1. Picking from VAL79, VAL101, which residue would you name as being within 12 Å of MET7 (Cα to Cα) and surrounded by fewer than 18 Cβ atoms within 10 Å (Cβ to Cβ)?
2. What do you reckon, is ILE67 at pLDDT below 90, among the hydrophobic types (A, V, I, L, M, F, W, C), in contact with a Gly (Cβ under 9 Å, 6 or more places away or on another chain) and surrounded by fewer than 21 Cβ atoms within 10 Å (Cβ to Cβ)?
3. Can you name the condition, by its number, that SER96 falls short on among (1) in contact (Cβ under 8 Å) with a residue 12 or more places away in the chain; (2) exposed (fewer than 12 other Cβ atoms within 10 Å of the Cβ); (3) hydroxyl-bearing (Ser, Thr, Tyr)?
4. Considering only residues that are open to solvent by 50 Å² or more (accessible area, probe 1.4 Å), at pLDDT 90 or above and hydrophobic (A, V, I, L, M, F, W, C), which ones fall in the stretch 82-93?
5. I'm trying to understand the selection: among the residues of the stretch 79-93, which are more than 15 Å from VAL8 (Cβ to Cβ), β-branched (Val, Ile, Thr) and in contact (Cβ under 8 Å) with a residue 24 or more places away in the chain?
Amino acid sequence: RSLMSAMVLDGLTKTAALKLDMPHIFNTGQDHGPMGYELQLIVTGAALVFFVWLAQDARLKGAQAWIGCVVGGGLANVVSILTGPRGVLDFIPAGSIMLNVADLFIWAGLAGIILHVARLALKDARSA
């Protein structure tokens, strides 16, 4: 569910940001060099494969929703890269950078995974 939620909410909010003419940028990946898009797709693809593999670990069953957030956010940005003629739409100001809802799902998912793994490590340390 979290995977689909990330993708649907990201798409809806990007559409709304454009229709409401909110301040935004199109992240073209050029800050990553001349192969910005290609690099983003490769890194995102590798991360998605890793998180899908990670979700198979029985100890991480409780983190699958968090993993879904990361994978869904990553896929939503990949869809934007592949379908958007001008790059990934970022419209949420965060200090000196701009983000989108997919990015927020990715960061929330990473935080949830880290907390879940830390909780498992504490449990293991207490039982040792």
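The values are calculated or read from the model by the stated rules, or taken from the named source; none is laboratory data. As the structure is a computational prediction, the values presented were derived from the model and not from experiment. Please note: Cβ atoms are built from the backbone with ideal geometry, for glycine as well, and neighbour counts cover all protein chains shown. The protein model used for the area step is the full one, side chains on, heavy atoms only, and it has no ligands, DNA or RNA in it. Shrake-Rupley method; radii C 1.70, N 1.55, O 1.52, S 1.80 Å.
1. Every option except VAL79 fails the conditions.
2. no
3. Here SER96 clears every test but (1).
4. None - no residue of the stretch 82-93 is open to solvent by 50 Å² or more (accessible area, probe 1.4 Å), at pLDDT 90 or above and hydrophobic (A, V, I, L, M, F, W, C), so the list stays empty.
5. ILE81, VAL88, listed by residue number.
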